[in-house]
Amino acid sequence: MAGLLEGKSTLITGAASGIGRAAAMACAREGAKITIGDVQVEAGQATVEMVKESGGEAHFVKCDVSKAAEVEAMVEAAVKKYGRLDCAFNNAGYEGLTMHIADSTEEDWDKVMAIDLKGVFLCLRAEIRQMIKQGGPGAIVNTASIAGLVGSHGMPAYTAAKHGVVGLTRVAGLEYSKRGIRVNAVCPGVIDTPMVERLVGGRPKVDARLLAIEPIGRKGKPQEIAEAVVWLLSDHASFVAGFPMAVDGGIIAQ
């Protein structure tokens, strides 16, 4: 039986670890041919090897998503390798420093915006242009966050950037769905990833506070976000466009 993404050229950014790595494995399991883009070369190549060891097909492209030329080169590399671009998961992100607005630095604000918002815009632009050039169809998923749907205490830049990702996703869904290019977003809750580990910083009280906001009573697993991404990229979600999907253990339902 063919996989949900059988033979589809699929680009995934931020796949050196966490949700991106889980998505690479899940998409490969469903038959996708994977291009991994990340600034972390060794970890990104390790993901490639994991995909290959599982029987999938993948290659790595070093890319800083905040730089347009590198993003365009990454998309070109995917097309050169697999002949076209069918799917993309714009997942690369940076959480920034944990601090209140009055204590925030301009430098941290700029870095978060460059990666989390501008990076998604640059990837979307390059991917959509390629999909239009091919004559479609295509499917794209952006990583937003529950911080893109509600406020997140102590993370002003990250929250603003992720709200921006949700806005971009909605606009792209409106502008391109009639051309056969669906754009959606996943909004993860508290997920057991290196990013959350950095936020916790080995502080049990912080870890307990994060766990306490999850109605489901536990942190999510990267694989659980990956399964939502696979579905949104697949033809099973053919009537879904411009949608920020919360995969959050019930946080938004509170």
- Query: Among (1) on the phi < 0 side of the Ramachandran plot; (2) touching a residue at least 40 places away in the same chain (Cβ under 8 Å), which single condition is GLY14 missing?
  - Reply: (1)
- So which residues in the range 198-243 are open to solvent by less than 40 Å² (accessible area, probe 1.4 Å) and over 22 Å from the mean Cα position of the chain (by Cα), if there are any at all? VAL206
- Message: If the requirement is being open to solvent by 20 Å² or more (accessible area, probe 1.4 Å), of a type in the set (Val, Ile, Thr) and modelled with pLDDT of 95 or more, which of these qualifies: ILE128, ILE132?
- Response: ILE132
- Query: In the range 135-155, which residues are in contact with a Ser or Thr (Cβ under 8 Å, 6 or more places away or on another chain) and open to solvent by 30 Å² or more (accessible area, probe 1.4 Å)?
  - Reply: GLY151, SER152
- Message: Tally up the residues in the range 69-92 that are in a helix (DSSP H, G or I) and either on the phi > 0 side of the Ramachandran plot or not aliphatic (A, V, I, L, M) (or both), please.
- Response: 6
- Item | Leading residue by the ranking (nearest to the chain's Cα centre (by Cα)) among those in the range 106-165 that are polar (S, T, N, Q) and assigned to a helix (DSSP H, G or I) | THR159
- Failed condition for GLU175, given (1) in a helix (DSSP H, G or I); (2) open to solvent by less than 70 Å² (accessible area, probe 1.4 Å); (3) among the charged types (D, E, K, R), with all others met? (2)
- Hey, can you tell me all the residues within the range 1-33 that are among the basic types (Lys, Arg) and crowded, with 18+ Cβ neighbours inside 10 Å? LYS8, ARG21, LYS33
- Go through GLY44, GLY93 for me and flag whichever is under 22 Å from VAL196 (Cβ atoms) and open to solvent by less than 10 Å² (accessible area, probe 1.4 Å). GLY44
- Residues located in the range 49-68, provided they are open to solvent by less than 40 Å² (accessible area, probe 1.4 Å) and in a strand (DSSP E or B): ALA58, HIS59, VAL61
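The values are calculated or read from the model by the stated rules, or taken from the named source; none is laboratory data. The model shown is predicted, which means the values in this text are computed figures rather than measured ones. Quick reminder, even Gly has a Cβ in these numbers, built from the backbone with ideal geometry, and neighbours come from all protein chains shown. Calculation scope for accessible area: heavy atoms of the full protein, side chains included, ligands and nucleic acids excluded. Shrake-Rupley method; radii C 1.70, N 1.55, O 1.52, S 1.80 Å.
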